[in-house]
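Okay, so here's the structure we're looking at.
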Amino acid sequence: MSGFTLSNPYLTNDLHPPTPKSYRHHQWCMRGYQPTLQPISPDSELGVLIGQMGWVGSHAHAHDYLWGSAGNQGALLSEEMNANCLLPVDESPRYVLPPSITVKGLAGRHVLLTKSGARLDMIALEHPSLNLTIVEVEGDGCHYRMRFGTPSVSQLNEMHAKSPKPTSEMFHYMLIFDQLEDQGFKALAHLQPKFLNLISRSEHGHPSRFYDFLKGYEPETPIMYDECGGIGFVQEKAPGIPELSYESLELFKMEDLPPNQRSEMRHILYWVGHGTFSRGVDLLDAYKHTEYFEAAARMAWEANQRRIDAQAYSEDVVDCILREFRANQTSTLDTSSEQENVYNYP
């Protein structure tokens, strides 16, 4: 896991697929590898996103941010895909979204997703088709086809096998990309960070305390996140249900707050007891918000476990930090007037 790279070795030809007709080649094909498809360029939008997915999975796993290697990631592609990199439409397995999820705004678009059961820490090490898929949304906004990372329809019929599937939580990705793409929601990451989940089970886990508890341990937190509503909280639900999609959509848009308290949309949600769901312009941007709060949670938890007298910042100190920050962001032409000394914490 050392020396993380933002490119996959199979895309840069540093590693090669297994010998045809070998046992390993057969296993690859069962998992979705298609030797006839044109390789993906590491310099394309898709190649860069695959590299970012691998880096996120490796980094989070190596730094013990995850329970095992659980979670999933997704990104909406802007560039048109080369058809030679994808299965033909009529050979691509076809599925339907739940009746309550319709995404006509994504018709004809491609979405990169982790596959159901994929290990995030293996994305950087294995061929992309073994852990990832590319789905294409049909014109009705209800059906989609897996055009990468799956045996073809003919192969599935011949093997009497079932196709791999995208992550079971793909509905959340599809709805939010459809509704919020123009707001910069191009990538989403769902991770299950250990220390955030631990704190959610503690006395500080109630939504009214959770964010305030974490920002008390890291003074830049209110500067970075107060203006965008902190963390949005979804009470525990089964993870792969449409209700979670719609509640997440509302919380990203900060519809839980009065209109006069809404600024830019939220960066991160916490599905209580289950994990984070964060957004960004790309996958590294989405990941940094989970990484930030998991680092704060780890600091708080380890201080508590080791009986270190690490008191969280009081609300007065947090308010003073914000006043100081805002004062230093405001320019004034009157340099002679006496200024309040905002550097004295209470």
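The values are calculated or read from the model by the stated rules, or taken from the named source; none is laboratory data. The shown structure was predicted, so the numbers you read here are calculated from the model rather than taken from an experiment. Cβ coordinates were reconstructed from backbone atoms using ideal geometry, including for glycine residues, and neighbour counts include every protein chain displayed.
Checked against the criteria, Pro207 counts as assigned by TED's automatic domain parsing to the domain that holds Glu291, surrounded by fewer than 23 Cβ atoms within 10 Å (Cβ to Cβ), touching a residue at least 40 places away in the same chain (Cβ under 8 Å) and closer than 26 Å to Phe233 by Cα. Looking only at segment 69-79, decide whether some residue is more than 19 Å from Thr5 (Cα to Cα), out of contact with any helix residue (DSSP H, G or I) (no Cβ under 9 Å at 6 or more places or on another chain), surrounded by 21 or more Cβ atoms within 10 Å (Cβ to Cβ) and not assigned by TED's automatic domain parsing to the domain that holds Leu244. The answer is no; no qualifying residue exists. Figure legend. Inter-residue proximity from segment 83-98: first residues in contact (Cβ under 8 Å) with a residue 40 or more places away in the chain and within 18 Å of Leu112 (Cβ to Cβ), second residues acidic (Asp, Glu) and outside any helix (DSSP H, G or I), beta-carbon distance below 9 Å, spacing 6+ or different chains. Indicated pairs: Leu86/Glu136; Val89/Glu136; Ser92/Glu136. Applying the condition of being of a type in the set (Ser, Thr, Tyr) and under 25 Å from the mean Cα position of the chain (by Cα) to segment 1-43 and asking which residue is farthest from Leu125 (Cα to Cα) yields Ser41. All conditions but one from (1) in a strand (DSSP E or B); (2) at pLDDT 95 or above apply to Gln192; the one that does not is (2). The requirement of being hydroxyl-bearing (Ser, Thr, Tyr), modelled with pLDDT under 95 and over 19 Å from the mean Cα position of the chain (by Cα) is not satisfied by Ser168.
Name the single residue that is nearest to the chain's Cα centre (by Cα) among those in segment 75-91 being under 22 Å from Leu284 (Cα atoms) and either modelled with pLDDT of 95 or more or charged (D, E, K, R) (or both). Ranking the candidates gives Ala75 first. In the condition set (1) part of a helix (DSSP H, G or I); (2) under 30 Å from Ser100 (Cβ atoms); (3) in contact with a Gly (Cβ under 6 Å, 6 or more places away or on another chain), Phe171 is compliant with all but (3). Strands (runs of 3 or more DSSP E) fully within segment 101-160 that include at least 2 residues being assigned by TED's automatic domain parsing to the domain that holds Asn72 and surrounded by fewer than 17 Cβ atoms within 10 Å (Cβ to Cβ): none found. Of the set (1) surrounded by fewer than 21 Cβ atoms within 10 Å (Cβ to Cβ); (2) assigned by TED's automatic domain parsing to the domain that holds Leu46, all apply to Tyr173 but (1).
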